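Values in this text are rule-based calculations from the coordinates and carry no lab data. None of these values were measured; they are calculated from a predicted model. No Cβ is skipped: glycine too gets one built from the backbone with ideal geometry, and neighbour counts run over all protein chains shown.
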Amino acid sequence: MRVRVLGAVELISDDGVAQRLSRTRRTLLALLTSARGAPVSSDLLVEELWRGSTPATGVNLLHQRVRDLRRALGADRDRLQRRANGYALVGADVDQTRFEELVDQGRAAAEAMDHERASTLFDAALSLWGGEAYAGVGESHVIATEAARLEELRLVAVEARADADLALGRQTAVVGDLTPVVEANPLREGLWLQLMTALWHSGRTAESLDAYQRLFRLLRDDLGVSPSKDVRELHLSILEDGDPEPASSRSLEHAVPRQLPPVAGAFAGREEHLARLDEVLAENEGRAVVISAIAGTAGIGKTTLALYWAHRMAHRFPDGQVFVNLRGFDPGDALDPLDALGVVLESFGVERSRQPQDIDGRAGLLRSTLAGRRVLLVLDNARDSEQVRSLLPGSPGCATVVTSRNRLPGLVVEAGAKPMELGLLDRGEAYALLAGRLGEDRLRAEPEAAGRIIDLCASLPLTLSVVAARAATRPAYALADLAEELSGSRLDGFGGGRGDLRATFSWSVRQLEEPAARLFRLIGLHPGPTLTVLAAASLAATSRARARRMLDELTEANLLSECAPGRFTLHDLLREYAADLAVGEADEVRRAAELRMIDHYVFSARAVHSAYDPHQNHLDAPEPVLAGVTVEAVDDSSQALAWIGSQLPVMSRVIETASARDIAPDRIVLLVGALERLLDLQGRWIELAELAEAALPGVRRRADESGDPTGLGVVHRAAGAACGRLGRFDDARVHLDRALELATLSEDLMAEGKSLHRLASVATASGDHAGAAAYAARAAAVFARAGDPIRAAWTTGRLGLYEALDGDHEAGLRHCEKALAELREVAPGYRSEGNVIATIGWIHQQLGDIDEAAGQFEEAVTKLRAAGDLPGLADALGHLAEARDHLGKDEDARCARAESVSILAQLG
């Protein structure tokens, strides 16, 4: 039994049915629940139950009511316990308890600046409310006090969710959430402050100023006071159209990206170049600077110079500093311009799922996002002008520093970028670099050895840094001995060739302990661009702790750098060198490490998927994890999304590499299957299509060899789903028809049902609602035969939608209500429940029952927002706006429509 007090007090059985309780018994249940497990005296219970008219037999009546309530509790009757002087309800499943736990977790996430998790937790807490707390009971001072406390905590959660959403750039959602709350709590200035901020930062300045005037009149007329200092300062900022980040808004402070990586080691020299960078900024802050290397020399210190200058000038860019490694010369693929735009927009709180799906759309959104702001972009390691062009902001308050081995003449000519070439350090600068790493005293003690090291490294910053890292970890080591080792490595001086660099790398790797040296070689099998501790542990078949120690050793040797806590990267030349070393490993060693690496991502993705969507049972196949593989663990959906966001570029490369090398196609199928639902819900359809299509060649080869088409069908189905979402209907049908054919041949009912379901989605998206209904009816029957009631119910709901779209509203409503009842029976709280409720609302809307439709849409919006289903949320909000228009709720309608349009635009 569950006790509900966040709304009308009810006792809910496992089947979701509320027990019929008299008002006195509901009041008794409320009194015991409000004590939160503590005993309540019989005297107090009698007084509160029969307030003002206590009967002479009150204690006896109380015993009767307690017996009645125990009977209603059923199997949980023992939770209502007799205590010496009263009664206590112990260990009950109470929505109030869950609400308070979620609020505490949300506060902790907010303090840790994990805004996505905080927003999700506060939203989940608020979704438990169904009306005024402790409603529907008799008059009681005790209950009234507890209800007031909970109402205050609810408002605190509303404000905290708004803070988190503002930090994530969800101003439109905040407007929609806060508008009715502000109307119900007009004297709560913190809510007005957030509403004004959200309106202003979503471009609705006039409405923000109007909100201030309403608050001003309200406080003057009712209380005879003026708005608070924070509200007045925000009002002044809006009027002056100045700094868009008012000091009073904590949430906006958190939204400012501070992404500049630290400058590794000591910085020396380059004074002339630093002065020129300062001049460019002074001349025109909106201009880009391209830092390139003479003759395309790698390792010359372009990134170090850019970062050193960026840190020095960060105070000039209060709205953020963004760093993106474009990986233009990485052994793997360079970062696509569309993905690069996505990375920059995400840094300003624009989730990938809410970004346009094309370069022009994202570039326009980026320019709009940066308009009026002072932001510094550092775009590192660009391959060519085309990779950078769309990333350049249009705001004159912004500056962009680009580094590349090439001169990027197209950027210079077309965008007016200032070129700047770097050469080798002069002897004095090279000496200063070594002194900064090793100390002036150590160099003075052995000046000849220091000079010889500089000569052997040819003043190249990368080689000097590698050698200095070795010397720094051996403070008692003589520099003369170090120079002798370098000479023994046949470093005849740096002439610009790769051979001398590799000799330096070789010398550095030989100084490592063997476990760390082995890990460095195995990292050459990893496709990049970043490597986590757990991925390294899987490569080396070792523990997390040992992997961390080895990674630290590689970092100290300047062979790796920790770009984020627990995530590592390495210079593209070092990655290429590590890959060369990996080729020298025995075939069986290399193969085993590659399989462990792939298994790490496969089973981590499956674990993450299960945490995000626990009702999905198609990932429960008992494939064994290879020995030595360490799997990622996440606790909830917000952590799942964060992991996907950071690891998707890596998994994309894993799939491409595995397909090219024909490694573990069966595992790649599992990886694609685990990612499909996550990427679909987030609107990352371009990435899903690319992943699936990259996996197809290798999986097709394995299917031809083995005669088992199961995996091939999974990948075709994922590709078809993504193509359908992107409007590539012909491609979608080709993929899905092939998937259905393969499922039928192999007599795989689950695969057949999934393929039919996807074909239905494509059919209705292209306007063929009757065809979609036919596909859905077949799919529901197939899922039922396969013993999957969740998918059978969900697909029945889709059948109802397609029938209604085709004009048969009665049949559609009947199928949707059947689907909803079945979902609530077999999978309470299932994510897709919101879509079915929205469909029911739409059918009522078509039948003219607008009041019922609005109620259904409101419930659907709550569930879809909690589920993170942005396409469904946008659709439900749009229909909710239509219903509110019909009901004359113009302001509520406008808020819903604005959020819907915003989401749809950003989804492309």
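Here is how the numbers come out for the structure above:
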| quantity | calculated |
| --- | --- |
| Debye log10 I(q)/I(0) for region 1-64, one point scatterer per Cα, at q = 0.15, 0.21, 0.23, 0.29 Å⁻¹ | -0.51, -0.89, -1.01, -1.28 |
| Test item: Cα-centred dipole of region 97-235, Lys/Arg +1 and Asp/Glu -1 on Cβ, debye | 360 |
| Positive-pole candidate from LEU62, MET196, LEU742, dipole of the chain, charges at beta carbon | LEU62 |
| Length-normalised contact order of the chain in % [C-alpha pairs under 8 Å, at least 6 apart] | 7 |
| In region 684-749, the GluC sites (Glu not before Pro) that fall in loop regions by DSSP, at most 13 other Cβ within 10 Å | GLU747 |
| Lys/Arg +1, Asp/Glu -1 at C-beta; the chain dipole; positive extreme among PRO39, ILE686, SER347 | PRO39 |
| Karplus 3J(HN,Hα) series, Hz, for region 842-858 with 6.51 cos²θ - 1.76 cosθ + 1.60 (x for Gly, Pro) | 5, 5, 4, 4, 5, 7, x, 8, 6, 4, 5, 4, 4, x, 5, 5, 4 |
| GLU585, GLU594, GLU271, GLU752 arranged by Cβ crowding within 10 Å, fewest neighbours leading | GLU271, GLU585, GLU594, GLU752 |
| Lys, Arg +1 and Asp, Glu -1 on Cβ, resulting dipole of the chain about Cα centre, debye, nearest 20 | 1300 |
| Alpha-carbon Rg with Dmax, taken over region 609-747, Å | 14.8, 44 |
| Listed residue (VAL289, ALA664, LEU305) projecting farthest to the positive dipole end of the chain, Cβ model | ALA664 |
| Gyration tensor (alpha-carbon) shape descriptor, region 271-422, a/c threshold 1.5 | oblate |
| Dipole moment magnitude, nearest 20 debye, region 359-490 about Cα centre, only Lys, Arg, Asp, Glu C-beta charged | 580 |
| Global form of region 762-908, assessed from the alpha-carbon gyration tensor, a/c cut-off 1.5 | prolate |
| Footprinting exposure proxy for ASP380, ASP730 (fewest neighbouring C-beta atoms within 10 Å first) | ASP730, ASP380 |
| Average silhouette area of the chain, convex hull of alpha-carbon atoms, in square nanometres | 44.3 |
| Between 0 and 90°, nearest 10: helix 427-438 axis offset from the chain longest Cα axis | 50 |
| Acute angle (nearest 10 degrees) that the helix 749-765 long axis makes with the longest principal axis of the chain, alpha-carbon atoms | 90 |
| Computed helical MRE - 222 nm, the chain, DSSP H runs ≥ 4 contributing -39500 (n - 2.57), nearest 500 | -20500 deg cm²/dmol |
| Order of PHE329, PHE520, PHE323 - criterion: other Cβ atoms within 10 Å of each residue's Cβ, fewest first | PHE329, PHE323, PHE520 |
| Exceeding the 29 Å Cα-Cα cut-off - candidates LYS229/LYS863; LYS754/LYS889; LYS754/LYS818 | LYS229/LYS863; LYS754/LYS889 |
| Rounded tilt (10° steps) of 637-661 against the dominant C-alpha axis of the chain | 50 |
| Rounded, prolate or oblate (a/c below 1.5 giving rounded, otherwise prolate when a/b exceeds b/c) for region 700-813 by Cα gyration tensor | oblate |
| Rg and Dmax of region 514-585, Cα atoms only, in Å | 10.6, 31 |
